[in-house]
Protein chains: 2
Amino acid sequence: MSPGFPDTAPTPSPSAPRDRLLATASALFYAEGIHAVGVERLITQASVTRATFYRHFGGKEELVTAYVEAQDAALRAQYEEAAQLIDEPAGLLRALVGGISETVCGPGFRGCPFINAAAEYPDPATPVHRAVLAHRTWFRTVLLELLAAAGHSDPPWAARRLVMIRDGAMVGGYLGERDEVVTSLATVVDEVLGSGRTDMEAGPG
Amino acid sequence: MSPGFPDTAPTPSPSAPRDRLLATASALFYAEGIHAVGVERLITQASVTRATFYRHFGGKEELVTAYVEAQDAALRAQYEEAAQLIDEPAGLLRALVGGISETVCGPGFRGCPFINAAAEYPDPATPVHRAVLAHRTWFRTVLLELLAAAGHSDPPWAARRLVMIRDGAMVGGYLGERDEVVTSLATVVDEVLGSGRTDMEAGPG
DNA sequence: TCCTAGGGAGAACGATCGGTCTTTCTGCTT
DNA sequence: AAGCAGAAAGACCGATCGTTCTCCCTAGGA
């Protein structure tokens with residue numbers, strides 16, 4: 001741009017085609033299912049040519065994996081952001097499940113992208129399936145740590161319960177009544193947190 | 001049709017090809033996903049010709065619908081069978097969730113066929129999606145009736161909780177630790193049933 | 001006896017699948 | 001000024017998609 005700043009500039013377009021591709025893929029894969037979306041449609045909607053597609057991704061499955069990993073990264077970032085605003089573990093825990101409620105009630109919610117992806121990639125050896133499991137492991141670990149930090153009497157037990165109720169909320173929000181799911185979710189979280197008799201009484205604080 | 005026993009006999013082969021087709025489809029669709037299985041493979045493994053396939057089903061989607069409806073019918077039949085052996089609603093309720101535990105722990109469990117099918121058929125107008133919702137409505141209704149018959153103080157609330165925990169168990173049994181899921185499931189059922197303070201104290205009776 | 005419905009076998013349909021190729025043009029680095 | 005990486009544009013590949021077709025054979029009802 002000018003002398004003194006020879007660096008590669010603040011990436012005016014870091015790799016626009018790649019980003020467009022991933023964004024388009026995320027929207028289509030999530031809304032319609034992965035196997036239901038072909039490469040043709042992807043590159044057309046992303047305004048990208050075939051050659052460009054295969055220059056950035058080794059193939060469709062690699063793009064699918066990138067899609068799942070991007071969802072994972074987004075949730076991790078969302079959590080990190082919340083973690084910088086909230087100090088108490090119990091509050092962070094509630095913020096975490098609050099985010100789930102918002103997701104479920106948000107427009108265009110179509111189920112958990114990880115559960116849906118796993119439904120289409122049953123083989124555990126698949127990178128896609130592995131990415132799903134990796135996200136779930138991360139989520140469970142975060143719950144475990146927060147529960148322990150909050151002084152819960154039985155973090156493993158509580159984490160198991162919270163993971164199950166999260167999955168139930170995701171499925172129910174897609175194939176059932178969203179409002180009911182959200183209220184049930186909140187109630188269960190209060191119960192689980194309240195049952196670890198320490199400094200984590202229910203209530204938004 | 002004619003004197004004596006002109007009837008179509010006790011169906012020596014009611015429609016063997018059709019049954020083979022549906023059985024093969026059920027196994028493949030469940031194990032590998034629906035869009036991942038083509039007609040070619042279907043008819044080859046079922047030892048049926050293309051013409052025969054299209055004589056029995058209008059197309060692939062009709063077979064998929066039949067697959068989902070067959071799963072639904074099997075579960076309804078399983079429930080009816082249990083209902084004839086068990087009188088008390090509370091016991092029947094426990095048998096119902098006991099069946100879920102067995103399913104989750106059974107060999108080859110690959111998640112809930114209804115949840116998985118819905119992941120591949122997001123459009124609510126699709127017969128497949130509708131069949132999934134129909135099954136879920138039936139399940140919820142059964143829970144509701146059993147809870148009411150058992151004298152639970154808040155059947156709608158309890159039914160919601162049980163549906164959510166069922167979904168959580170199905171997902172967790174596929175993408176998590178099966179043993180943990182089953183024990184958590186049993187605990188939650190006890191809690192939910194026990195909270196309706198009437199004649200439904202926990203315990204297998 | 002005929003006759004016909006149902007199944008087996010397989011060719012063929014257009015469409016789309018995921019993937020590779022060549023060519024041209026632009027924009028940056030050297 | 002030269003050169004090169006990345007992207008646009010699009011032809012092209014074999015394979016498979018779901019679907020329809022013809023032909024033949026066999027078993028069961030009229």
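Shown for A:Ile86: label points 7 Å from Cα along the beta-carbon vector, and their distances to the equivalent points in the other copies, 3.8 nm in ascending order. Taken along the Cα-to-beta-carbon direction at a fixed 7 Å, the label points for A:Ala83 and A:Thr141 span 1.0 nm.
When shorter helices are ignored and each DSSP H run of at least 4 residues is given -39500 (n - 2.57), the per-residue value for the protein assembly as shown at 222 nm works out to -23500 deg cm²/dmol.
Electrostatic tally near B:Tyr79: other residues with Cβ closer than 12 Å to its Cβ, Lys and Arg +1, Asp and Glu -1, net -3. In chain A, a dipole from Cβ-located charges (positive for Lys and Arg, negative for Asp and Glu) runs towards its positive end, and of A:Val68, A:Thr49, A:Thr126 it is A:Thr49 whose Cα lies farthest in that direction.
Relative to the longest principal axis of the Cα atoms of chain A, the long axis of helix A:89-105 makes an angle of roughly 60 degrees. Only loop residues by DSSP count here, and only those with at most 16 other Cβ atoms within 10 Å; note down the chymotrypsin sites (Phe, Trp or Tyr not before Pro) in segment A:60-119 that meet that. Taking segment A:60-119 and a limit of 16 other Cβ atoms within 10 Å, the loop chymotrypsin sites (Phe, Trp or Tyr not before Pro) found are A:Phe109. Anisotropy class assigned to segment A:94-192 is oblate, per the alpha carbon gyration tensor with a/c at or over the 1.5 cut-off and a/b no larger than b/c.
Relative to the longest principal axis of the Cα atoms of chain B, helix B:60-85 runs at roughly 40 degrees. Mind checking the full-extension length gain between B:Ala70 and B:Arg130? Use 0.36 nm per residue of separation minus the Cα-Cα distance, one decimal, nm. 20.2 nm is the gain from fully extending B:Ala70 to B:Arg130.
Taking Cβ atoms as reference points and 12 Å as the exclusive limit, the residues near B:Ala131 contribute a net charge of -2, counting Lys and Arg as +1 and Asp and Glu as -1.
Helix A:16-32 and the longest principal axis of the Cα set of chain A meet at an angle near 50°.
Percent of accessible area on the protein assembly as shown owned by carbon and sulfur, 1.4 Å probe? On the protein assembly as shown, the fraction of accessible area on carbon and sulfur atoms equals 57 percent.
For the protein assembly as shown, what class follows from the C-alpha gyration tensor (a ≥ b ≥ c being the square roots of its eigenvalues): rounded when a/c is under 1.5, otherwise prolate if a/b is larger than b/c, else oblate?
oblate
Across peptide A:118-126, how many C-beta atoms of other chains are within 10 Å of each residue C-beta, on average? Present the calculation step by step, with values, prior to reporting the outcome.
On the way: counts 8, 15, 8, 3, 9, 4, 1, 0, 0.
What the average comes to for A:118-126 is 5.
Each Lys and Arg Cβ is given +1 and each Asp and Glu Cβ -1; about its Cα centre, the protein assembly as shown then shows a dipole of about 1320 debye. With every protein chain in place and a 1.4 angstrom probe, the accessible-area ranking of B:Trp157, A:Trp138, largest first, reads B:Trp157, A:Trp138.
Is chain A rounded, prolate or oblate when judged by the Cα gyration tensor, a ≥ b ≥ c being the square roots of its eigenvalues, rounded requiring a/c under 1.5 and prolate requiring a/b larger than b/c? Taking the square roots of the gyration eigenvalues as a ≥ b ≥ c, chain A is prolate. Relative contact order of segment A:126-186: 21 percent, from C-alpha pairs under 8 Å at least 6 residues apart in sequence. At full extension, A:Asp19 and A:Asp179 could sit 54.2 nm farther apart than now, given 0.36 nm per residue minus the alpha carbon distance.
The values are calculated or read from the model by the stated rules, or taken from the named source; none is laboratory data. Note that the structure is predicted; figures quoted are calculated from it, not measured. Counting neighbours? That spans all protein chains shown, and the Cβs are built from the backbone with ideal geometry, glycine included. Calculation scope for accessible area: heavy atoms of the full protein, side chains included, ligands and nucleic acids excluded. Shrake-Rupley method; radii C 1.70, N 1.55, O 1.52, S 1.80 Å.
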